[in-house]
Amino acid sequence: MTDLVIIGGGPAGLTAAVYAARAGKSVTVCEMQSLGGQITQAHLVNNYPAIENISGMELGDKLCSHAMNCGAEIQFTQVLQVEKTPEGFSVTTEDEVIPCRSVIYAGGARPTPLSLPREAELTGSGISYCALCDGAFFKDQEVAVVGGGNSAFDDALFLAGVCKTVTLIHRRHQFRAENALVEAAKKTPNIRFLTGATVQSLNGADKLESVTVDTEDGVQEISVSGLFVALGRSPECSLISHLADLDERGYCDSDENCATRTPGLYVAGDCRKKLIRQLTTATADGTVAATHACAWLDK
């Protein structure tokens, strides 16, 4: 029986894997998409202690390599079900059933959509939620980014190095992003700002050709071939909702040890209820969850 199954291969999950494997526990990490989590979408990470500048993709690769070198097993698979058993837990994936003694859930959060007609239809044909993944497809083209937080500015700065122009559309006049990112974007000549504006419709036949934007000066149609949505994310906690309490927004509730109401089940990272969600808080959660999971296992 595996000591610990970690669901989610982002910074929280991989940090937990490092700590648990170093403590001598058998560890399996289940990740259904790509290792590294949301941080891999960051063009540049320069707020992680002792590492002044690193790309998100490189940091994600390093986290993965560290976990594997410590002895953690990585499985690229989707977890379908988590159940409590007399011996611990049963984690059902699309490939097998993994019996284990403890679980750390680090499922992260999903992108928040615009919720506009034809959004799903045009996703992959002009609509994207990952600038780092899809930006190269829009080389020397005109694109837009929707949002006002760190993710939106990260996307805009990355796209500015690839695309002809980047229009950053935000419904407010003030941005939630860190001042350093805002100032960097303001100094980038091919980034323009459209504030006090909301996207009303997505236009184009088989692919995106323009967006209709409602502004304080009236309705505008902006010609773009790509629209990158960066409106934040929603937690992915439904998988353990029968074993842990969720708040009104769907985030998983836990104590300061990252423990849920079910003994042996811990939660870490962006899916956890907390005030601050940053790379450093995700890795901190992974450390705390793994340390307490190991102590619980030793009992």
- prompt: Among the residues of the range 96-111, is there at least one that is at pLDDT below 95 and of a type in the set (A, V, I, L, M)?
  reply: yes
- prompt: Out of the range 148-170, which residues are open to solvent by 30 Å² or more (accessible area, probe 1.4 Å) and under 22 Å from the mean Cα position of the chain (by Cα)?
  reply: ASN150, SER151, ASP154, LEU157, PHE158
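Condition check ((1) buried (at least 21 other Cβ atoms within 10 Å of the Cβ); (2) among the polar types (S, T, N, Q); (3) modelled with pLDDT of 95 or more) across all residues:
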| residue | (1), (2), (3) |
| --- | --- |
| ASP3 | no, no, yes |
| ILE6 | yes, no, yes |
| GLY10 | yes, no, yes |
| ALA16 | yes, no, yes |
| HIS43 | no, no, no |
| ILE54 | no, no, no |
| MET68 | no, no, yes |
message: If I filter the range 187-223 down to residues being among the hydroxyl-bearing types (Ser, Thr, Tyr) and touching a Ser or Thr at 6+ places or on another chain (Cβ under 9 Å), which single residue comes out as most open to solvent (accessible area, probe 1.4 Å)?
response: SER223
query: Taking the range 73-92, which residues are assigned to a strand (DSSP E or B) and under 17 Å from LEU265 (Cα atoms)?
result: VAL79, LEU80, GLN81, VAL82, GLU83, LYS84, THR85, GLY88, PHE89, SER90, VAL91, THR92
- prompt: Is it the case that GLY37 is open to solvent by less than 10 Å² (accessible area, probe 1.4 Å) and within 20 Å of GLN75 (Cβ to Cβ)?
  reply: no
field: Residues of the range 1-22 classified as of a type in the set (A, V, I, L, M, F, W, C) and over 18 Å from GLN81 (Cβ atoms), total
entry: 7
- line: Expected single match for at pLDDT below 95, within 16 Å of the chain's Cα centre (by Cα) and charged (D, E, K, R) among ASP270, ASP217 is ASP270
message: Among the residues of the range 258-274, are any crowded, with 18+ Cβ neighbours inside 10 Å and among the acidic types (Asp, Glu)?
response: yes
Residue list for the range 50-79, filter: in contact with a helix residue (DSSP H, G or I) (Cβ under 8 Å, 6 or more places away or on another chain), closer than 14 Å to PRO11 by Cα and not aliphatic (A, V, I, L, M): GLY56, GLY60, CYS64, HIS66
task: Please work out which one of (1) out of contact with any Leu (no Cβ under 6 Å at 6 or more places or on another chain); (2) over 22 Å from ILE240 (Cβ atoms); (3) without any contact (Cβ under 8 Å) to a residue 60 or more places away in the chain is the condition LEU63 fails and give its number.
output: (1)
field: Condition broken by SER55, with the remaining ones in (1) without any contact (Cβ under 8 Å) to a residue 40 or more places away in the chain; (2) in contact with a strand residue (DSSP E or B) (Cβ under 8 Å, 6 or more places away or on another chain); (3) more than 30 Å from ALA184 (Cβ to Cβ) satisfied
entry: (3)
- prompt: What are the residue pairs meeting all of these: first residue in the range 101-123, first residue on the phi > 0 side of the Ramachandran plot, second residue of a type outside the set (Ser, Thr, Tyr) and open to solvent by less than 20 Å² (accessible area, probe 1.4 Å), Cβ atoms under 8 Å, and 6 or more apart or on different chains?
  reply: GLY108/GLY8; GLY108/GLY10; GLY108/ALA12; GLY108/PRO235; GLY108/GLY269; GLY108/CYS271; ARG118/LEU202
message: I need the full set of residues from the range 112-135 which are within 13 Å of ASP155 (Cα to Cα) and open to solvent by less than 80 Å² (accessible area, probe 1.4 Å), in order please.
response: SER128, TYR129, CYS130, ALA131, LEU132, ASP134, GLY135
Pick from the range 224-257, criterion under 24 Å from LEU116 (Cβ atoms), part of a loop (DSSP other than H, G, I, E, B) and among the aliphatic types (A, V, I, L, M), ranking: most open to solvent (accessible area, probe 1.4 Å): LEU231
- prompt: Which ones in the range 180-214 are over 20 Å from PHE153 (Cα atoms) and in a strand (DSSP E or B)?
  reply: GLN200, SER201, LEU202, ASN203, SER210, THR212, ASP214
task: Could you list, in sequence order, all residues of the range 38-72 that are within 23 Å of GLU96 (Cα to Cα) and either assigned to a strand (DSSP E or B) or of a type outside the set (A, V, I, L, M, F, W, C) (or both)?
output: GLY71
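The values are calculated or read from the model by the stated rules, or taken from the named source; none is laboratory data. Given the structure is predicted, the values throughout are model-derived calculations rather than measurements. As a convention, Cβ positions derive from the backbone with ideal geometry for all residues, glycine included, and neighbour counts pool all protein chains shown. Heads up: the accessible areas ignore ligands, DNA and RNA and are worked out on the full protein's heavy atoms, side chains in. Shrake-Rupley method; radii C 1.70, N 1.55, O 1.52, S 1.80 Å.
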